[in-house]
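Chemist: Here's a structure for you.
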Amino acid sequence: MESVINHPVVILKIPDCPNCQKAMKLLESIGMHYTLIDVTKVESDDLENILTFLERKTHTRSFPMIFANGRYVGDYREIENLHRVGVLEGVLSYRI
């Protein structure tokens, strides 16, 4: 999952995920560019290994999984809350 580290904002999604669509629309509405990765299309012999890796990193299996500068930010609900209180752009832009 090098893409999570190599891109400023990454949305990991699965097919037919309504919250994934909402997350993309929210980021587009604030002009935030992102890289979209469908985890079911990642070249790997074992999707379960990918999901286990992500669960260890994020402590969840819910999608979307949104990363900023290699850090897990949250799912749609979490970024929606950050946007509502006016800090989403700052969180997504923050570099460690």
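Chemist: Among all stretches of the chain without exposed trypsin sites (Lys or Arg not before Pro) (DSSP loop, at most 12 other Cβ atoms within 10 Å), which one is longest?
Modeler: Between exposed loop sites, the widest span is 1-60.
Chemist: If I take R0 = 22 Å and measure r between the Cβ atoms of residue 17 and residue 78 in this structure, what FRET efficiency does the formula 1/(1 + (r/R0)^6) give, to the nearest 0.05? Please report the intermediate quantities before stating the final value.
Modeler: Working: r = 15 Å, r/R0 = 0.69.
It comes to 0.90.
Chemist: In the chain, what percentage of the DSSP-assigned beta bridges are antiparallel, given to the nearest 5?
Modeler: Bridges in the chain that DSSP calls antiparallel: roughly 65 percent.
Chemist: Region 20-62: Rg/Rh from Cα coordinates, Kirkwood Rh?
Modeler: Using Cα coordinates only, the ratio equals 1.06.
Chemist: May I pose another question? Would you mind working out the magnitude of the charge dipole of region 6-96 relative to its Cα centre, with +1 at each Lys and Arg C-beta and -1 at each Asp and Glu C-beta, to the nearest 20 Debye?
Modeler: Charge dipole of region 6-96: 360 debye, to the nearest 20.
Chemist: Another question about this same structure. Considering only 50, 74, 10, whose Cα is most displaced toward the positive end of the charge dipole of the chain, charges sitting on Cβ of Lys, Arg (+1) and Asp, Glu (-1)?
Modeler: Among 50, 74, 10, the one farthest towards the positive end of the dipole of the chain is 74.
Chemist: If you average the sequence gap of Cα pairs under 8 Å that are 6 or more apart and divide by the length of the chain, what percent do you get for the contact order?
Modeler: Relative contact order for the chain comes out at 35 percent.
Chemist: Moving to a separate point now. In Å, what Rg and Dmax follow from the Cα atoms of the chain?
Modeler: Gyration radius and largest Cα-Cα distance of the chain: 12.7, 41 Å.
Chemist: Oh, and also: Each residue of region 58-74 in order: what ³J(HN,Hα) in whole Hz does its phi give by Karplus 6.51 cos²θ - 1.76 cosθ + 1.60, θ = phi - 60°, with x for Gly and Pro?
Modeler: Along region 58-74, the couplings run 10, 6, 7, 10, 7, 10, x, 10, 10, 10, 10, 6, x, 9, 6, 9, x Hz.
FYI, it's all coordinate maths here, none of it is from the lab. All of these numbers come straight from a predicted model, not from anything done at the bench. Cβ atoms come from the backbone with ideal geometry, glycine included; neighbour counts cover every protein chain shown.
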